[in-house]
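So the structure is just underneath, and the comments pick up after that.
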Amino acid sequence: MILLSPFGALGRATLALMAVVGRVALFALTALSHVLRPPFYGRELGLALLNIGWLSLPVVGLTAIFTGAALALQIYSGGARFNAEAVVPQIVAIGMVRELGPVLVGLMIAARVTSSIAAEIATMKVTEQIDALVTLSTDPMKYLVAPRVLAGLIVVPLLVAVGDVIGIFGGYAVATGSLGFNPAAYLKNTMDFLELLDVISSLVKGCAFGGLAALMGCYFGMASGRGAQGVGRATKGSVEAAAVLILAANFLLTGAFFSL
Amino acid sequence: MIDLTRVAKSFGENHVLRDVNLTIDKGSSMVIIGGSGTGKSVLLKSILGLVTPDSGTITLDGQDVTKADRDAFLARFGMLFQGAALFDSLPVWQNVAFRLLRGSLKKPRDEARAIAIDKLRRVGLKSNVADRFPAELSGGMQKRVGLARAIAAEPEIIFFDEPTTGLDPIMAGVINELIREIVTEMGATAMTITHDMTSVRAIADRVAMLHDGVIQWSGPVSQLDDSGDPYVDQFISGRAEGPIEAVR
């Protein structure tokens, strides 16, 4: 029996994981169905767009510009080992647009937005505001979850686009300012090298990451336990889940777009 | 009339409601008393559909509440929550007029605001409170706003969950008086859960005591002191000794 106990524990953990996956999938489908069905809460959507999109611009911009600048320095010094310093514009562009722009924006959104959504909804739950919504004939999935998920799907691709541009600009500023690149040639190389598929993949990733980030915040908030500890656990769990799912989705989407 | 028949609800091994039978007559004010953790809130939430009973039936005017049209059913109710449960992100008037700004009872914004201010006045708050946020109000003011929200759509049935918890005795008295006045003038059916005996005597037409998952006793408030039930006697006198086990 003792020898079999690790298998039992593994089985229980697998079943528990499957149960969570099922609950999250059901939650996601319910949320998406509410996105498509009236009534729609325009004010809530507007506030979510403002919070997820506009108010995230500073952190996204700063993250992108420093990443682009550091990337240019790395490629220049790394490329110097085999006389390939000239590829800085191309690699910064492809690195930011295909990979670093969407992933870093996604992770920043997970840190900034997922946590705040989870904390807000969990607090509403422990203070009975969710119950109050129900007694006021308002479905919390429609009023709280659907606008936030829709806002994530709409606005995060735009943030990714902004992050891509600012990241490329960060590389441009370092390359032309201290590495001796010609500004016009740098921009031309960047534009010539990027393909439409690179941009599309970036925006699709942004859409997926935005949806995942908002969904995890809402799911953990709605599933929160009681008291301050429940809110804390919900917030921590939402960020962990969003970050891992964003990185996993990034791998799958990169494979789908670029595997030969 | 609200009728509960053999209602039971457990959370794991914790059998909160075992066999609850209770009738609340139309237009009457029923107060449910009982110690902390005896399932009073679960009972109230079961009627509203916030908690699903494991067994038993709950009917409103003869119709099973689980089979009623949800929107129409909930439109008949107003509820004051223990902590008021005001929406932090909305100003006071939008909290009060929440139901009037959306859904089947939607009214033009100006009209909804006017009704909200009228209801705020009814609970003793001035119109300048309307544009403040819940976090800027004291506990007593939040309760009043919660009460104004509960009555904003003129519901037929109003539930009060521990309406005086956390308030000083004077404010508790004010809230009790308001509840009694409002329920009387609206002709509403009221159900209150509390363990504040001052509230019970101020609000109730009838009293039911919930203990160990069943209604231990019920009767008119006038008979509360002469119920002859040892559980009720111990509870209303606040004695540690008696059939109700006191956790020390």
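When the listed pairs A:125/B:45; B:45/B:106; B:119/B:143 are checked against a 18 Å cut-off, the alpha-carbon distance exceeds it for B:45/B:106.
When both region A:57-82 and region B:1-46 are represented by their alpha-carbon centers, they are found 63 Å apart. Note on region B:44-95: semi-axes of the ellipsoid equivalent to its C-alpha gyration tensor, largest first and rounded to whole Å, are 27, 13, 8.
Restricting to region B:105-248, compute how many DSSP beta bridges are antiparallel as a %, nearest 5.
Around 55 percent antiparallel, to the nearest 5.
Taking other C-beta atoms within 10 Å as the exposure proxy, B:32, A:246 rank A:246, B:32 from fewest upward.
Mind sorting B:13, B:245, B:156, B:136 by how few other Cβ atoms lie within 10 Å of their own Cβ, fewest first? Fewest-to-most ranking of B:13, B:245, B:156, B:136: B:13, B:245, B:136, B:156.
Amide H contacts under 5 Å for residue B:101: B:107, restricted to partners 5 or more places along the chain or on a different chain, H placed in the peptide plane at 1.01 Å from N. The GNM of chain A, with springs linking C-alpha atoms under 10 angstrom apart, assigns the highest mean-square fluctuation among A:18, A:141, A:108 to A:18.
Taking Cβ atoms as reference points and 15 Å as the exclusive limit, the residues near residue B:19 contribute a net charge of 0, counting Lys and Arg as +1 and Asp and Glu as -1. Classify the protein assembly as shown from the C-alpha gyration tensor, please: rounded if a/c falls under 1.5, else prolate or oblate depending on whether a/b exceeds b/c. Prolate, because a/c is 1.5 or more and a/b exceeds b/c. Shape class of region B:92-248 from the alpha-carbon gyration tensor: prolate, with a/c at 1.5 or above and a/b greater than b/c. The phi-based Karplus calculation (6.51 cos²θ - 1.76 cosθ + 1.60; θ = phi - 60°) puts the 3J(HN,Hα) values of region A:68-79 at x, 5, 5, 4, 4, 4, 4, 5, 5, 6, x, x Hz, whole numbers, x for Gly and Pro. How many angstrom lie between the Cα centre of region B:163-215 and the Cα centre of region A:105-144? That distance is 31 Å.
Mean-square fluctuations from a GNM of chain A, with a 10 angstrom spring cutoff on Cα atoms, peak among A:78, A:170, A:68 at A:78. By the beta-carbon count within 10 Å of each Cβ, the least crowded to most crowded order of A:99, B:162, fewest first, is A:99, B:162.
Read the figures in this text as sums done on the coordinates, not as results from a lab. No experiment lies behind these values; they were computed from the predicted model shown. Cβ coordinates were reconstructed from backbone atoms using ideal geometry, including for glycine residues, and neighbour counts include every protein chain displayed.
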